[in-house]
Amino acid sequence: MLILGLNNGIDAGAALIDDGRVLCCINEERLNRQKQFWGPPLLSVEAVLKTAGVDARDIDYVAQSSITGGGGPHEDFDRPPTIKRLVEHVSQLPLSHTNLLKSAYRFASSRGRSDEIVDRRLKELGITAPKRYIEHHLCHAATGYYCSQFADSPEDVLIVTADGVGDGICHTISTVGPDHRIHRHHETMIFHSIAEIYGYVTHNLGFRYNRHEGKITGLAAYGDSSKTIDVFRHVMSFDPQRLELRCHLGAWGRPAARKLHEMLKDHSREDVAAGLQRALEEVMSGMVQTALRRYGKKYLCVAGGLFCNVRLNQVLFELPEVEDIYVHPGMADTGQGLGAALGLRAELVARPNPILLRNVYLGPGFSDAEIETALEQSGVPYRKCENVYEETAKLLNGGKVVARFCGRMEYGPRALGHRSILYHTRDATVNTWLNKRLKRTEFMPFAPMVLRKRASEYFENFSEERSEAANFMTMTYRVTPKGSSEAPAATHVDGTARPQTVTQAENLDSWSILKSYEALTGSAILVNTSFNMHEEPIVCLPSDAIGAFLEGHLDGLAIGSFLAQLPESRRE
């Protein structure tokens, strides 16, 4: 059964599954080059069909995420769309923070739901399959469980979703029946969203709401949480009986952000970030721990934008009740197209068992012939390599910065070797000078890519048997003394790192580069940062890669079987 999944909203995209097996996932930003594109997935719909080699007439169902239309693009926090302005006003009225408002919102927003632009595009492509809308947080929960490693133990699984807002709520807690169906027990309405509080702080500190929250996570390590933690403990909590989140600002959106700014205006941005991060960890770990104990579960699946927070994921993994965790690699709305498809499948089949998502190389790929044509057209000097892995490793050992472009593009927010910039891990100053070269302003260090067989040498509490979250840079680990000395470039000031572990079976290309580098140096770890310029999506096409290579003044571009290098005079 072929199901096409769509997300028309922020991080728009499309996905295709066949009897639960993921064939393709592509987000619109990679194709139209507009980062975190908010709108209909007009290009990605066609791209998933082409990439998967599927005829439009063979699609059995179309699933689209969210039963409500949402408020539309909200890229400027100070200029929200009309519906969000109305919601801000309502949030300050008595009794507005009850579930009655959530129900009224869903009823009003979902009546006569249609997406004319998307439906017209489907018709143009020859897709006539029936279409269904799948509730937002069910989409998140579906990616959290149906791509996980827990197919053999559904009765031991707890699923937690959390984000800013989706279909009137911001959080759910669910369990799984023996037939693999998801059963929701708790949910929180939008005015109590603590992910929104994180967004308010992001905005108040001068960063971009709904985009730069990761910078706050990194910035937190530079501050003193004790100076602001009491403010945030007053602002956010959870109800241990109802297992719901609580925001105590008495407002939502811009009014809430202004209140929070007044409460924190005398503190440094580092201390604000530190207090926020610590409070977030306290609230979420407390609620998750309570739920695990109440329902007697030992495996945790999480999805939703809040779980982009890699430090939070580490704290949850370290709870004594958690034996293993799955963090979906497209945890935010990036994964909503896939979640819609998986959620609909769960309604249609008798036993919708999970199928582990072993890798995320689910986008388009390009042949050497296509790559060489792009190189010829660019005028960049290049040569074909007999062994591009060894050539890349030699450059890396020589202190060169090398971009790697190969195979099918990654799904999700992280570059995981197929669209990556690589560098050795010995230079602790690389975060400063390479970010400047790439025109980035970051507080998180570059992440390490490491051979899974040797990951325990570098990261505490790492085991190959519980390593799914480490495959996709979705969680931090505390770095061992060897990791600190051998990989200072990938170690944050708080002594943590967010690794991508690599095996031959799941990522032959990155494994081959690491093995070649290991043969030269004895080290099995490299810096891996996304191949893009600041505020641009990760590269997709060969031409994107060549352009970013030139603009970033990188030392080398290992693209397919080819290696391009610029003269020293052009790297400055």
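The values are calculated or read from the model by the stated rules, or taken from the named source; none is laboratory data. Quick caveat: nothing in here was measured; it's all calculated off a predicted structure. A quick note on method: Cβ atoms are made from the backbone with ideal geometry, for glycine too, and the neighbour counts reach across all protein chains shown. Ligands, DNA and RNA are stripped out before the accessible areas are found, and what is left, the full protein with its side chains, is counted by its heavy atoms. Shrake-Rupley method; radii C 1.70, N 1.55, O 1.52, S 1.80 Å.
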- Note on the structure: Computed over the chain, protein heavy atoms only, probe 1.4 angstrom, the accessible area per residue in square angstrom equals 37 Å²
- Message: Rounded, prolate or oblate, given the Cα gyration tensor of region 365-419, with a/c below 1.5 counting as rounded?
- Response: oblate
- Query: Can you give the relative contact order of region 217-276 as a percent, counting alpha carbon pairs under 8 Å and 6+ residues apart?
  - Reply: 61 percent
- Message: I want to check the label-to-label distance for E551 and T521. Put each point 7 Å from Cα in the C-beta direction and report it in nm to one decimal.
- Response: 2.8 nm
- Query: Can you list the GluC sites (Glu not before Pro) in region 358-415 that are in a DSSP coil and have 15 or fewer other beta carbons within 10 angstrom?
  - Reply: E386
- Using the charge dipole of region 229-368 (Lys, Arg: +1 at Cβ; Asp, Glu: -1 at Cβ; taken about the Cα centre), state which of A332, F317, A256 has its Cα farthest towards the positive end. A256
- Work out, in µm²/s and without decimals, the Stokes-Einstein translational diffusion coefficient of the chain at 37 °C, 0.692 mPa s, Rh from Kirkwood over C-alpha pairs. 136 µm²/s
- At a 1.4 Å probe, what is the % contribution of carbon and sulfur to the accessible area of the chain? 49 percent
- Student exercise, the chain dipole from Lys, Arg, Asp, Glu Cβ charges, in Debye to nearest 20: 800 debye
- Item | Contact order normalised by residue count of region 284-416, Cα under 8 Å, 6+ apart, percent | 25 percent
- Query: Cα axis of helix 368-378 to longest principal axis of the chain: angle in degrees, 0 to 90, nearest 10?
  - Reply: 80 degrees
- Query: If you keep only loop residues by DSSP, which trypsin sites (Lys or Arg not before Pro) in region 199-276 have at most 13 other Cβ atoms within 10 Å of their Cβ?
  - Reply: R242, K265
- Item | C-alpha long axis of helix 388-397 to longest principal axis of the chain, angle in ° | 90 degrees
- Query: Taking Cα pairs under 8 Å and at least six residues apart, what relative contact order does region 109-174 come out at, in percent?
  - Reply: 26 percent
- Against the longest principal axis of the chain, how steep is helix 269-295, in degrees 0 to 90 to the nearest 10, with axes from Cα atoms? 70 degrees
- Message: What are the ³J(HN,Hα) couplings of region 213-225, residue after residue, when phi is run through the Karplus curve with 6.51, -1.76, 1.60 and θ = phi - 60°? Round to Hz, x for glycine and proline.
- Response: 4, x, 5, 5, 4, x, 5, 4, 5, 8, x, 10, 5
- Query: Over the chain, what is the percentage of antiparallel beta bridges among all DSSP beta bridges, to the nearest 5?
  - Reply: 70 percent
- Item | Highest to lowest packing among 524-531, 150-157, 286-293, scored as the average C-beta count within 10 Å | 524-531, 286-293, 150-157
- Item | Calculated from backbone phi, Karplus (6.51, -1.76, 1.60) coupling profile of region 509-514 in Hz, x at Gly/Pro | 5, 5, 4, 5, 5, 5
- Where nothing but the Cβ of Lys and Arg (+1) and of Asp and Glu (-1) is charged, how large is the charge dipole of region 456-572 around its Cα centre, in debye to the nearest 20? 160 debye
- Message: Output wanted: per-residue J couplings in Hz (rounded whole) for region 153-169, from phi through Karplus 6.51 cos²θ - 1.76 cosθ + 1.60, θ = phi - 60°, x for Gly and Pro.
- Response: 9, x, 6, 9, 9, 10, 10, 10, 10, 7, 7, x, 6, x, 6, x, 10
- Can you tell which of Y133, L86, S226 lies farthest toward the positive end of the dipole of region 86-227, using +1 and -1 charges on the Cβ of basic and acidic side chains (Lys, Arg; Asp, Glu)? L86
- Task: Only Lys, Arg, Asp and Glu count, each charged at its Cβ (+1, +1, -1, -1), so figure out the dipole size of region 358-512 about its Cα centre, rounded to 20 debye.
- Result: 420 debye
- Kirkwood Rh and Cα Rg combined as Rg/Rh, region 405-525: 0.93
